[in-house]
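Step one of this worksheet: look at the structure below.
The values are calculated or read from the model by the stated rules, or taken from the named source; none is laboratory data. No experiment lies behind these values; they were computed from the predicted model shown. Here the Cβ is made from the backbone with ideal geometry for all residues, glycine too, and neighbour counts use every protein chain on show.
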Amino acid sequence: MTARRRDPRAERTARIVQTEPRRRLVLDPDAIAASSGGRPRRDPRARRADATLQTAPRLRLDWTGKGTGAAVSMSAPGRGQRAAPAAPPLRVIENPACLIFAALDRPDGALSAHDRQLLAAARLLADAVDGAVVAVAPDGADDWGALGADRVIPLPAAWAAEYAPERRAAALVAAIARWSPLHVLFPESPEGGDLARRVAAACGERLFAGVESLSASRVARRAGGGATELSCAPSRFLSIAADAVAPLGAVRHEARRLDPPETSPDAPKLREARRLPVDPDGVGLGEADFILSAGNGVTDWVVFADLGRALGATRAGSRVVCDAGHLPRDRQVGASGTVVSARCYLAFGIAGAPQHLQGVGGVERVVAVNTDLHAAMIKRADLAIIADAQAVMPALLRLAGEGGHG
Amino acid sequence: MVDVAILVSVGRHPASGQARRAPSDARALELAFGLPPGRRDALHAGDPTNPALRDYLGMGLERLTVLAMAEGRDPTDALAARLRGLSPGIILTGNQAEGGEDSGMLPYVVAQALGLAIVPDVVAIALDAEGRTAEVVQALARGQRRALRVELPFVATVHPAAPAARPSAFGPARRGRIEVVPVDAPPDAFLTACAARPWRDRPKRLSVGAAGGGTGGALERLRAATEAKAGQGRVLVEPSPDEAARAIWDYLQEQGMQPR
Ligand SMILES: Cc1cc2nc3c(=O)[nH]c(=O)nc-3n(C[C@H](O)[C@H](O)[C@H](O)COP(=O)(O)OP(=O)(O)OC[C@H]3O[C@@H](n4cnc5c(N)ncnc54)[C@H](O)[C@@H]3O)c2cc1C
């Protein structure tokens, strides 16, 4: 309900029909109802309710006017709902002047952040020359249009999971021969970089590897052991370093599917690829994927070590634990230890001091076991368990030993 | 018996800028020493008077062949021709040079020219009894390893996670021979087209609230900088140990951290 503030002065001016020789006003109020201007009346209570993002555990307000629609309609019934952000209009490039290939990695079958940046880089080059972006990647359920691809050349979906660099390279070489793109972009990741060099070597061209800064007219990379910057006009084959380009915002493109080119099924020279089991404690803490971490609440170090082995998790600890000598110093997580980027962090008896939480800032999922409901680690956790670590660890060890059939 | 060729380059110390043996090339040489006996040919394309080359000899190499060429020349053709003559079973090299163009293209171009398979990021090589195929271990991201089988001959690039190279000793470094082979290499047109200048660090790109990324702009950046991330917050209060263990186990399975 937006009550209009009455502005008597404006109302009076609106009623004036004649000023010469003397001022005359219309007295009929209906005639001026529509034009009663002025600013809308401020309703501080409603504005505040509108800006409230959350009330528990503590009040948080957002005065920028970008609050979520749902929260608004709940807190202030009757007020108009904010329109959902409009979907960007579909952009169709019917007759592109040229094509820009983006050979995406899709590690483990999901698009990585690096892949998104690659599409943004391809978009940048394509927009400069009225070209179209072609995503070349193992097929999947991704919404290619929303990622900024005008065309898609799907490769067999199974290639995302297996190690098939030779077949991928052959398919790309065939696609390049058929569509002759202006640029071919690769992510400078272990697999993407390998693919880039294979394809460039097969095409007999040079790769401008690991582009750190990119514009439509100039690309630059680091060379000479990191001391020199080499730059030139974008060459045909480019590989883009991670975080060199910002990913695209809201876009919608056509993502028309093209038929993948036929490739002759050469017998691959690299065969029988398989993952090897690795000793989780041999992996550096910074690159570990799954970390089992202990704090001052852990006293049973034998069970802790067994649990790490049973779960295949890299062991780590808080500073208190490392200071006490229960774990070596290189296993300390936190501001004065290692900043970890694991996918999963299982914490037993850690209070969650700020210095420790800084170390787990990049972790995706946190599971915490603590006897204290109000510990900061419990707030950070995705799954929090208020229990004695010494009781939970053996139970979990038993469960892991039975393979989950308890 | 397996003949191995090792391609070595001259590195550059990141702090002092001094010429030194390139770390991953030295690891490639170390890996070559660990293979069954046979000929070991170390090749370098560039300036034969570079003192850093003696560091490789100091690792126990008797002879290093240098294809002498001026700076800014393209060494790939000369190296490929030389390797074709040697026809080794395995060609080893570091996975990235340090101090030149550093594009990591050279082993791929050589493999393409010789028609060989290439295995990137190798940390270990084990030959089978007949010496016809090799079991190769690759280093992947996050400390993972992958094994695969490849037939000889092949090219392998060595990952920095491979076993550390032995130190270089002064005596062998003095005694070792550097064999100079002058070659005619074409100038590298691709590199001459590039402008070079000293590298300057750029500001780090913020992933939060950047132009395309988030919606909130400055507010979101402030939030990301000041607040600890809050989890989804499923809380179990005082469950029995078995319930707790079950909940954790199920969650780990859900996240794909444990086999189902
Ligand atoms: C300059 C500086 C740098 C620092 N850097 C780091 C760093 O890099 N990394 C780091 O970790 N710390 C660091 N610290 C220390 C940090 O401030 C904390 O002191 C430390 O993280 C606390 O470790 P904790 O949580 O293991 O121990 P405590 O704070 O003692 O917490 C123990 C927790 O375990 C719970 N608990 C107790 N018994 C049980 C039980 N039986 N079962 C389950 N839970 C139980 C308790 O409720 C409590 O929450 C730093 C400090 C300073 C001043």
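Scanning the range A:303-348 for residues that are among the charged types (D, E, K, R) and either more than 9 Å from the ligand (Cβ to nearest atom) or within 21 Å of A:L383 (Cβ to Cβ) (or both) gives A:D306, A:R309, A:R315, A:R329, A:D330, A:R331, A:R343. Of all residues in the range A:217-247, those satisfying the criterion of being in contact (Cβ under 8 Å) with a residue 60 or more places away in the chain, outside any strand (DSSP E or B) and closer than 26 Å to A:V173 by Cβ are A:P234, A:A242, A:A244, A:V245. Can you confirm whether A:A141 is part of a loop (DSSP other than H, G, I, E, B) and either modelled with pLDDT of 90 or more or among the hydrophobic types (A, V, I, L, M, F, W, C) (or both)? Yes. Taken together, the residues in the range A:249-272 that are in contact with a Lys or Arg (Cβ under 6 Å, 6 or more places away or on another chain) and touching a residue at least 24 places away in the same chain (Cβ under 8 Å) amount to 4.
Looking at A:S293, A:S239, just one residue is more than 16 Å from the ligand (Cβ to nearest atom), hydroxyl-bearing (S, T, Y) and either outside the structural domain of A:G325 (by the TED database) or surrounded by 21 or more Cβ atoms within 10 Å (Cβ to Cβ) (or both), and that residue is A:S239. The one condition from (1) touching a residue at least 60 places away in the same chain (Cβ under 8 Å); (2) at the interface with chain B (Cβ under 10 Å from one of its Cβ atoms); (3) of a type in the set (A, V, I, L, M); (4) in contact with a helix residue (DSSP H, G or I) (Cβ under 7 Å, 6 or more places away or on another chain) that A:V298 does not meet is (2).
Determine whether the range A:338-357 contains at least one residue that is aliphatic (A, V, I, L, M), crowded, with 20+ Cβ neighbours inside 10 Å, under 19 Å from B:Y251 (Cα atoms) and touching a residue at least 60 places away in the same chain (Cβ under 8 Å). No, the range A:338-357 has no match at all.
As for the range A:391-402, it holds at least one residue that is away from the ligand (no atom under 13 Å from the Cβ) and in contact with a His (Cβ under 9 Å, 6 or more places away or on another chain). Among the residues making up the range A:377-404, those that are at the interface with chain B (Cβ under 7 Å from one of its Cβ atoms), surrounded by fewer than 20 Cβ atoms within 10 Å (Cβ to Cβ) and of a type in the set (A, V, I, L, M) are A:I386, A:A391.
Residues of the range A:96-111 that are part of a loop (DSSP other than H, G, I, E, B) and closer than 22 Å to A:R197 by Cα: A:L104, A:D105, A:R106, A:L111. On the given criteria, is A:R380 more than 9 Å from the ligand (Cβ to nearest atom), without any contact (Cβ under 8 Å) to a residue 40 or more places away in the chain and more than 23 Å from A:P57 (Cα to Cα)? It is false that A:R380 is more than 9 Å from the ligand (Cβ to nearest atom), without any contact (Cβ under 8 Å) to a residue 40 or more places away in the chain and more than 23 Å from A:P57 (Cα to Cα).
Here is a check on your reading of the model: is B:Q138 surrounded by 18 or more Cβ atoms within 10 Å (Cβ to Cβ), among the polar types (S, T, N, Q) and in a loop (DSSP other than H, G, I, E, B)? Judged against the criteria, B:Q138 is not a match.
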